Amino acid sequence: MTTFFLIDTHYTIEAGKAIIHLYGRDEKEKPITLKDENFQPYFYVLTKDPKALEKLKEEDYHVVKVEKEKKLLLEKPVTAYKVTVNLPTAVPVLRELAKEVGDTLEDDVLFTRRYLIDKGLTPLELVQAEVENDTIKSIKPAQGEYKPKALAFDIETYTPPGRMEIDYDNPIIMIALYAPDYKKVVTWKKAKGAEVLDSEKSMLERFVTLIKEYDPDILTGYNSDGFDLPYLLARCKKLKVELAIGKDNSSPIAKGRTRQEARIIGIAHVDLYKFIRRVLGRTMKTQSFSLDAVSKELLGKGKKDVDIASIGTAWNAGKIDKFVEYNLHDTKLTYDLMHKVWPSLLEMTKIVGLPLFDASRLSFSQFVEWYLMKKAFSMNELFPAKPGYKEQTRRMGQRAQGGYVFEPEPGVYDNIAVYDYRSLYPSIIVSHNISPGTVNCACCKGKIPEHDMHFCKKKQGFISGTIKELLDYRTNIKKESQKKKDVVLEARSYALKVLLNSFYGYLGFAMARWYSAQCVEAITAYARHYVKDVIAKAEQQGFTVRYGDTDSCMIELGKKTTKDAKKFLDLVNKDLPDPMELELEDVFPAGIWVATKSSTTGAKKRYALLDKEGNLTIKGFESVRRNAAVIARKVQQELLMIVLKDRNEKKAVKLVKDTVEKLRKNKLPVEEVVIKTQIQKNLDKYESIGPHVAAGKLMEKKGMTVKKGTLVAYIVKKGEGKIRDRVELAEDAKQSQYDGEYYISHSVIPAVENILHVLGVSPESITEATQQTSLKGF
DNA sequence: AGCTACCGGGG
DNA sequence: GTGTACGGTAGCT
């Protein structure tokens, strides 16, 4: 009997047979590799002619057996035929033939995932297997707590002085590895604190050896899907090094130009950037997801203060000690982040039942779908088929009416009480039993708000039942974690929250197996009903409602107190069906709502709140991008702070006026107006010539190589005509050259105009005032 | 208005 | 690998 924690799965074909490989670690931290030769691929067919299924055949692919089964499909009983075939790759071939006989189902579930579902195995949980010669006789889940054996890594690459761009032609100059009991930097020039190899090639070979020696279950990096691993692969290919870090000595498999990911067989590669941005991003304050910003927020300390742009110069001069420290520190941050988010990663992996590699990269809709598939299997429900291209387009055309948004009156207000319904959509789904199988049942009657539709009151739906279970489970966990503070319970609760909040989007997601336009319509109709209800009740109580959106309602307290705000909560909650509940999120000292660009009516989804600690919560305003001049963002942030915190209108207007003035007189340095854009393909491949392409051509003219990945930095010059005819490379630009008017009208004014409107100041008055002081304010 | 291209993170 | 992915904006056409 072997018990071990399951880390990764993989399959190979040997002697015409599929073999599942399981990689893991036992409780004594010994690595485990096992194979299972007794699992066969299959799919289902709904047909009146099961005899025909037995004869399906093409080349080496054939049917092993056909079994009749009673199953459910969208909550209704069906007879399905389980067609077992000889190889996983036979499935896509034979299912096409089977389609002539009937409808096929579950014909696109990856073989190793099928294995996990059918065996009830959950990665990172204990697994118990009866084994003979490393081959599994039987296998089942068990109980135990896994301690991650993780290693963080980070590469530094050479960039020629003055050129800050990513180019696989430049060598990797150092690599750091970090675990609390293991700190290592390898490089190929003399340096303090590093192991020095004689060339890039030997450094890469050493890297492979070091990984093998440490033997981690988890290899983690920051943006390592998008940078470190593809870069390592490119350099290894060039230098003919086998990047054999997989447990089967295979090289990582990098995939996809968009949404790239790099898989290592047997090792869970976790890209923390991807995970944190996708999963935790929503709840974080930071606007940027750089390692520095994320570490500061989650760990309370950032990166080492090193000018990374000078790495090329330092390398050429052989003075790289500082970068060795920097490199190692980055891996320490990465490791510590891993440790910090580990409870969330672990819980998500366990909930969804997929290997950590996949679980850490799930989109929200996949999170729901894989959970539902696991659930469906246990309830004998067939997985509905994924939609074809035509069906997807049809679904995309069915856009449901969204949530209700209260039209705000532009202005700055004090003491804003923010209420929201706790898990609004999930609680609506549960309280009204909304599920694809309960729509317009024959046994019940009724009508939902706004639509001629009803949902069964007698039979629990598959989706609504699943959500009810999850909600109840989460409520219990929250109760427990209130008794004693426990990071694991909190993480589990958070993972469940993420899952619960994703169901609504999932039901309306065109690619979803359990798509239901009717459910989506019903959920939003109820949501609008309940939000309008709070707004009406608040107004009845004499509160001034300032805003409301989808599941929230924001009230200006005015002379009323926080106590009154809490009392109102009870008034609303006593009428709500279980498990719906309104909560008071917080009372904010100040908030601003702005008008739309073209009118004086309040803009929806664009506002900012100032919390008690003096931090801004900004909704709907532009975010940081490198292809925008920094000046715009800077002015916007400062302006909001002045308006909400200092409450000084004059100072606010002065800030914008000064900025406009400085731009007009070219008093701001070139750096504040530089626009940086990456060239994504060869210059001659462009159909439409944007400013960045024109800038790229200027670089070529100077004899510089411009190719995919080159970062062009340019400014817009004074003059007439198209923007692209007025670009100048940042490195050649003089401060006197840039077109202040362009930046005023394209960057600064768009970023601040609706904030100015609230102060009763028109952007024209600001832009004109500095030109002709006599026409002030008009 | 519709289409094309780029952003994110990394050095 | 029994495969499929985001969501938003600026500027050109």
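Of all the listed residues (A:TYR146, A:TYR115), the sole one being surrounded by 16 or more Cβ atoms within 10 Å (Cβ to Cβ), at pLDDT below 95 and touching an Asp or Glu at 6+ places or on another chain (Cβ under 8 Å) is A:TYR146.
The residues in the range A:290-349 that are among the hydrophobic types (A, V, I, L, M, F, W, C), more than 12 Å from DNA strand B (Cβ to nearest atom) and surrounded by fewer than 17 Cβ atoms within 10 Å (Cβ to Cβ) can be counted, and the count is 2. Per the conditions (1) within 24 Å of A:TRP342 (Cα to Cα); (2) within 16 Å of DNA strand C (Cβ to nearest atom); (3) not β-branched (Val, Ile, Thr), the sole criterion not satisfied by A:ARG114 is (1). Out of A:ARG282, A:ARG263, A:ARG259, A:ARG278, which single residue is within 16 Å of DNA strand C (Cβ to nearest atom) and either touching a Lys or Arg at 6+ places or on another chain (Cβ under 6 Å) or more than 26 Å from A:TYR23 (Cβ to Cβ) (or both)? The conditions single out A:ARG282. Restricting the search to helices (runs of 4 or more DSSP H) fully inside the range A:661-778 and requiring at least 2 residues that are away from DNA strand C (no atom under 15 Å from the Cβ) gives A:691-701, A:749-758, A:763-769.
Looking only at the range A:588-611, count how many residues are modelled with pLDDT of 80 or more and outside any strand (DSSP E or B).
The number of residues fulfilling the criteria is 1.
Residues in the range A:185-227 that are among the acidic types (Asp, Glu), part of a loop (DSSP other than H, G, I, E, B) and under 15 Å from A:ILE267 (Cβ atoms): A:ASP215, A:ASP217. Of the residues making up the range A:168-198, those that are hydrophobic (A, V, I, L, M, F, W, C), over 20 Å from A:PHE227 (Cα atoms) and in contact (Cβ under 8 Å) with a residue 12 or more places away in the chain are A:ALA179, A:TRP188, A:ALA191, A:ALA194.
Going through (1) under 21 Å from A:ALA150 (Cα atoms); (2) part of a loop (DSSP other than H, G, I, E, B); (3) in contact with a Ser or Thr (Cβ under 9 Å, 6 or more places away or on another chain) one by one, A:GLU242 falls short only on (1).
Mind checking whether some residue in the range A:401-417 is touching a Ser or Thr at 6+ places or on another chain (Cβ under 8 Å), at pLDDT 90 or above, within 30 Å of A:TYR44 (Cα to Cα) and not charged (D, E, K, R)? The answer is no, given that none of the residues of the range A:401-417 is touching a Ser or Thr at 6+ places or on another chain (Cβ under 8 Å), at pLDDT 90 or above, within 30 Å of A:TYR44 (Cα to Cα) and not charged (D, E, K, R). Scanning the range A:368-380 for residues that are crowded, with 20+ Cβ neighbours inside 10 Å and charged (D, E, K, R) yields a single hit, A:GLU369. Restricting attention to the range A:406-440, and to residues there that are surrounded by fewer than 16 Cβ atoms within 10 Å (Cβ to Cβ) and under 25 Å from A:ASP570 (Cα atoms), which single residue is farthest from the chain's Cα centre (by Cα)? Only one residue tops the list, namely A:ASP414.
Restricting A:ASP684, A:ASP658 to those that are without any contact (Cβ under 8 Å) to a residue 12 or more places away in the chain, within 30 Å of A:LEU609 (Cβ to Cβ) and either of a type in the set (Asp, Glu) or in contact with a His (Cβ under 8 Å, 6 or more places away or on another chain) (or both) reduces the list to A:ASP658. For the range A:527-537, check the following and say yes or no: at least one residue is in contact with a helix residue (DSSP H, G or I) (Cβ under 7 Å, 6 or more places away or on another chain), in a helix (DSSP H, G or I), closer than 28 Å to A:GLY397 by Cα and of a type in the set (A, V, I, L, M, F, W, C). Yes, the conditions are met somewhere in the range A:527-537. Of A:ASP154, A:ASP167, all but one fail to be within 10 Å of DNA strand B (Cβ to nearest atom), within 30 Å of the chain's Cα centre (by Cα), surrounded by 15 or more Cβ atoms within 10 Å (Cβ to Cβ) and assigned to a loop (DSSP other than H, G, I, E, B); the exception is A:ASP167.
Taking the range A:335-379 as the search range and keeping residues that are aromatic (Phe, Trp, Tyr) and farther than 13 Å from A:LYS274 by Cβ, which one is nearest to the chain's Cα centre (by Cα)?
A:PHE364
Inside the range A:187-222, residues that are surrounded by 17 or more Cβ atoms within 10 Å (Cβ to Cβ) and in contact with a Ser or Thr (Cβ under 9 Å, 6 or more places away or on another chain) make up a count of 7.
Among the residues of the range A:32-52, is any within 29 Å of A:SER138 (Cβ to Cβ), in contact with a helix residue (DSSP H, G or I) (Cβ under 7 Å, 6 or more places away or on another chain) and away from DNA strand C (no atom under 14 Å from the Cβ)? So far as the range A:32-52 goes, no, none of its residues is within 29 Å of A:SER138 (Cβ to Cβ), in contact with a helix residue (DSSP H, G or I) (Cβ under 7 Å, 6 or more places away or on another chain) and away from DNA strand C (no atom under 14 Å from the Cβ). Scanning the range A:256-271 for residues that are near DNA strand B (Cβ under 10 Å from one of its atoms) and crowded, with 22+ Cβ neighbours inside 10 Å returns a single hit, A:ASP271.
Residue count for the range A:233-255 satisfying the condition of being crowded, with 23+ Cβ neighbours inside 10 Å and within 24 Å of the chain's Cα centre (by Cα): 1. Name the residues in the range A:356-377 that are over 22 Å from A:PHE5 (Cα atoms) and polar (S, T, N, Q), would you? If the condition is that a residue be over 22 Å from A:PHE5 (Cα atoms) and polar (S, T, N, Q), then A:SER363, A:SER365, A:GLN366 are the ones that fit. Scanning the range A:667-694 for residues that are among the β-branched types (Val, Ile, Thr) and more than 6 Å from DNA strand B (Cβ to nearest atom) yields A:VAL670, A:VAL673, A:VAL674, A:ILE675, A:ILE689, A:VAL693. Only one of (1) of a type in the set (S, T, N, Q); (2) free of Cβ contacts under 8 Å to residues at least 60 places away in the same chain; (3) crowded, with 19+ Cβ neighbours inside 10 Å fails for A:ASN476. Which number is that? Of everything listed in (1) of a type in the set (S, T, N, Q); (2) free of Cβ contacts under 8 Å to residues at least 60 places away in the same chain; (3) crowded, with 19+ Cβ neighbours inside 10 Å, A:ASN476 misses just condition (3).
A:VAL643 fulfils the conditions (1) within 12 Å of DNA strand C (Cβ to nearest atom); (2) closer than 27 Å to A:ARG282 by Cβ; (3) over 29 Å from the mean Cα position of the chain (by Cα) except for a single criterion, (1).
Taking the range A:287-360 and the helices (runs of 4 or more DSSP H) fully enclosed by it, the elements with 1 or more residues that are farther than 30 Å from A:LYS619 by Cα, among the aliphatic types (A, V, I, L, M) and in contact with a helix residue (DSSP H, G or I) (Cβ under 9 Å, 6 or more places away or on another chain) are at A:311-317, A:321-352, A:356-359.
Among the numbered conditions (1) more than 20 Å from A:LYS722 (Cβ to Cβ); (2) at pLDDT 85 or above, the only one that A:GLN678 does not meet is (2).
All of (1) under 23 Å from A:SER363 (Cβ atoms); (2) more than 13 Å from the chain's Cα centre (by Cα); (3) more than 16 Å from DNA strand C (Cβ to nearest atom); (4) modelled with pLDDT of 95 or more hold for A:ASN316 with one exception: (1).
The values are calculated or read from the model by the stated rules, or taken from the named source; none is laboratory data. None of these values were measured; they are calculated from a predicted model. FYI the Cβ positions are ideal-geometry reconstructions off the backbone, even for glycines, and counts take in every protein chain you see.
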